[in-house]
1. For the chain, give the magnitude of the charge dipole about the Cα centre (Cβ charges: +1 Lys/Arg, -1 Asp/Glu; no others), in debye to the nearest 20.
2. Looking only at Phe329, Phe35, Phe180, which one moves most when the chain is put into a Gaussian network model with springs between Cα atoms under 10 Å?
3. Placing +1 on the Cβ of each Lys and Arg and -1 on the Cβ of each Asp and Glu in the chain, which of Leu119, Ile102, Gly184 has its Cα farthest towards the positive end of the resulting dipole?
4. For the stretch 151-279, with only Lys/Arg (+1) and Asp/Glu (-1) charged at the beta-carbon, what is the dipole magnitude about the Cα centre, in debye rounded to 20?
5. Pick out which of Ile247, Ile102, Ile342 has the largest mean-square fluctuation in a Gaussian network model of the chain, springs linking Cα atoms closer than 10 Å.
6. Using a Gaussian network model on the chain with a 10 Å cutoff between Cα atoms, which of Asn123, Asn151, Asn262 fluctuates the most?
7. Report Rg/Rh for the stretch 203-249, rounded to two decimals, where Rg is the Cα radius of gyration and Rh the Kirkwood radius.
8. Given Cα positions, please report Rg to Rh for the stretch 257-338, the hydrodynamic radius being the Kirkwood one.
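Read-outs: derived from the displayed coordinates by stated rules, not from any lab. A quick note: this is a predicted structure, and the numbers were derived from the prediction, not measured. When we count neighbours, we look across all protein chains shown, and the Cβ atoms used for this are built from the backbone with ideal geometry, even at glycine.
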Amino acid sequence: MKIMWSIAIFVVLYLLLLPVPIEPVAWQAPVDKGFEGKFAKNTRLSELTLVDMGNDYGPEDFALTQNGTLAISSHSGAILLKKEGESAFYPWANTDGRPLGIEYDNKGNLIVADAHLGLLKINSSGKVSVLVDKVNNTPVVYADDVDIAQNGNIYFTDATTKFSAKDFGGTLNASLLEIFEHQGNGRLIEYNPSTGNSVILMDKLVFANGVAVSHDEQSILVNETGKYRVLRYWLLGPNKGQVDVLIDNLPGFPDNISRADNSNYYIGLASPRSAPVDMLSDKPFIRKIIQRLPGFMRPQGQSYGHLLELSEKGEIVQSWQDPTGAFPFVTGAIKTDEGLYISSLTAKNVGLLPVQKH
């Protein structure tokens, strides 16, 4: 009996006192309406053609050159390329970090948001250099996504200034910590390559993720993953410097956002929303206890493929889904002459919806 009591006391003390990296705060999750209306379940994403990326995996983001060569970032740190008409991707350069968002500038350099190293530039010969690893004397902890305006200004997200992907078990684990804590440690940063100056445009975001310059270049769209929404930061016009919500209460966690060729945007929903996360949103004490449990007992992402097309007004235009999760953790998409390429945080191949299928 004494042994049982000792074990019970140990378990209670463990759950109450073990130090954990998060300091959760209370918030109120919006009611999850699930997969209904424009989000009604379908199997349109199950028709993917899989494009080989060798021994690599995790094709997080795409960038396209003017001659049609497609670049992807990968889990190994490599940037892979595929020329139009070729059947597979091949390695080109390596950041020796974890490249996530990528975009070509008007000089042919590949600009990379690297979760381990910050904002990088890779020139045409494959040489890697660091553009930004500090802003206002604070380190860039988790560079996530990037986009470039026509004037050359670069906009990128620092997903969380607290939970480094390098120090907290990778990009996915670090994102779960930021979202479960919900303090709002993410930010949107503007970098001017002409002056070398960086400015924080937005902060206190709960996992600042995908970023896209709007088609008219009047604003920047940012996915706030932990709040299931897309924000718009106004660069110009009467609302300059202000933020509004383009769409909220999404049925999943928005990852990347990119411009489509028809004035719309593609958004990957990496995973459906978690009922336990929503239910515990106003219970920070319990969330801290749950963080002390073994990893398999904590809320995790679900393998469910989901891509959205969003209008400039925040309306859902199309929804592609694969409920089986055969192509899981969708991060985004890019359209080429071959079709719609789909990216993923964990997939072992790149997805492609050929022209006639999307």
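1. The calculated dipole for the chain is roughly 980 debye.
2. Per the Cα network of the chain with a 10 Å cutoff, Phe35 tops the list.
3. My answer, from the dipole projection, is Gly184.
4. That gives the stretch 151-279 a dipole magnitude of about 100 debye.
5. Checking each option, the largest mean-square fluctuation is seen for Ile247.
6. Evaluated over the chain, the most mobile residue of the options is Asn262.
7. Using Cα coordinates only, the ratio equals 0.96.
8. Across the stretch 257-338, the Cα-based Rg/Rh ratio is 1.11.
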